[in-house]
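K.L.:
Pasting a structure below so you can have a look.
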Amino acid sequence: MDDIITLAHGSGGKKTSQLIEEMFLPYFDNEELSKLNDGAILNGFDKIVFSTDSFVVRPFFFPGGDIGKLSVCGTVNDICMCGGEPKYLSISLIIEEGFKTENLKRIIESISKTADECNVKIVTGDTKVVERGKGDGIYINTTGIGYLKYDFLDKNRIEDGDMVIVSGNVGDHGVAVMAAREEVFESMNLVSDCMPLHELSKVILEYGNNIKILRDPTRGGIATTLNEFIEGTEIGIELFEESIPISEEVNKACEILGIDPLYSANEGKIVAVVSKNVANKVVNTLKKIKGGEKAAIIGKVTSKVKQRVVLKTSIGGTRILTKLSGSQLPRIC
């Protein structure tokens, strides 16, 4: 295998075959993919969840993850938040000429490891190589199919008195990627929360109709996600600042940079709206599972503040949280 990717690796000829056979198949091989057809023929199901996402993060490797792990988690998590059980993924790679094969190998290994962790098969894919200077190293698109297991999730089911839960510390991913990109805060323990959410979402959804909606608060953070929950409704959400889990390191970094952690992206957290009668039970269940140790009730749904998300601050004040306008941190996913 050559040390760097060349245009020939995307020509569709011998080099492309070599790339597929030596780089991709050893990690992704399964019955469906090994046929190397233009697409995969899969067993069906009554209802499926279908999702796609593209990943352009810089740097490619960051504390807690890399673009490969992120590309699997991002699409798997979107399927889980819809109540689906992720089953199949496609991987499409756009690689710039000159990209080091050792870095590509690390990314492919990470994709393979994360897909195995989620019990997801990579069944089809595509590779293109663009001229040097015409890309930015590597871009990845993943498309996923999952079987719909829980079909009751709908924001229209949210009602006055429901509680808002988060599965852990917020704002970790956005701040960690920014710190790695700018090579700042090296003495701080800033690590992305990038992780698949299939296990956490499964235990939450076992509470059935008491669960109103799930979402992974990625770009725009939890503030934007909660605003999306109440758009077009006659209800609002009150958040309790003292109850929102934020790591000391993320808080310090945000204070220095002037960033609000409630708008910083997460790649391994769930925000859920649940019935009041199960809120504490859901949190206690999450605390027993890896990735859910910091789960907390952070707010409640109320008709007193219609169509607004209001933060009750630790000093007794209030602050209205709107959807993110613009972008605090570009190229984070």
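The values are calculated or read from the model by the stated rules, or taken from the named source; none is laboratory data. The model shown is predicted, which means the values in this text are computed figures rather than measured ones. Every residue, glycine as well, gets a Cβ built from its backbone with ideal geometry; the counts of neighbours run over all protein chains shown.
K.L.:
Which numbered condition trips up Q18, out of (1) in contact with a Ser or Thr (Cβ under 9 Å, 6 or more places away or on another chain); (2) modelled with pLDDT of 85 or more; (3) under 21 Å from R132 (Cα atoms)?
P.N.:
(1)
K.L.:
Of all residues in the stretch 13-35, which are farther than 28 Å from N77 by Cβ and surrounded by fewer than 11 Cβ atoms within 10 Å (Cβ to Cβ)?
P.N.:
Hits for the stretch 13-35 are G13, K14.
K.L.:
Could you please give the count of residues in the stretch 275-326 that are touching a residue at least 60 places away in the same chain (Cβ under 8 Å) and assigned to a loop (DSSP other than H, G, I, E, B)? Break it down into steps so the answer makes sense when it comes.
P.N.:
Step one: of the stretch 275-326, the residues touching a residue at least 60 places away in the same chain (Cβ under 8 Å) are 275-279, 281-283, 285-286, 289-314, 321-324.
Filter once more, so that each one left must be assigned to a loop (DSSP other than H, G, I, E, B): 275, 289-295, 303-308, 313-314, 322-324.
Count: 19.
K.L.:
Consider the stretch 19-44. How many of its residues are in contact (Cβ under 8 Å) with a residue 12 or more places away in the chain and in contact with a helix residue (DSSP H, G or I) (Cβ under 8 Å, 6 or more places away or on another chain)?
P.N.:
Qualifying residue count, the stretch 19-44: 8.
K.L.:
Just the residues that are in contact with a Leu (Cβ under 8 Å, 6 or more places away or on another chain) and of a type in the set (S, T, N, Q), please, taken from the stretch 18-71. It would help to see each step written out before you state the result.
P.N.:
In the first step, residues of the stretch 18-71 are kept if they are in contact with a Leu (Cβ under 8 Å, 6 or more places away or on another chain); the result is 20, 23, 25, 32-34, 40, 45-49, 55, 57, 63.
Residue satisfying the conditions is S34 alone.
K.L.:
Being touching a Ser or Thr at 6+ places or on another chain (Cβ under 9 Å) and small (G, A, S) is the filter here; which residues of the stretch 278-297 pass it?
P.N.:
Answer for the stretch 278-297, where residues must be touching a Ser or Thr at 6+ places or on another chain (Cβ under 9 Å) and small (G, A, S): G291, G292, A295, A296.
K.L.:
Let me ask something additional. Within the stretch 121-139, can one find any residue that is under 17 Å from the mean Cα position of the chain (by Cα) and not hydroxyl-bearing (S, T, Y)? It would help to see each step written out before you state the result.
P.N.:
Of the stretch 121-139, the ones under 17 Å from the mean Cα position of the chain (by Cα) are 139.
Then drop every residue that is not not hydroxyl-bearing (S, T, Y), which leaves none.
The answer is no; no qualifying residue exists.
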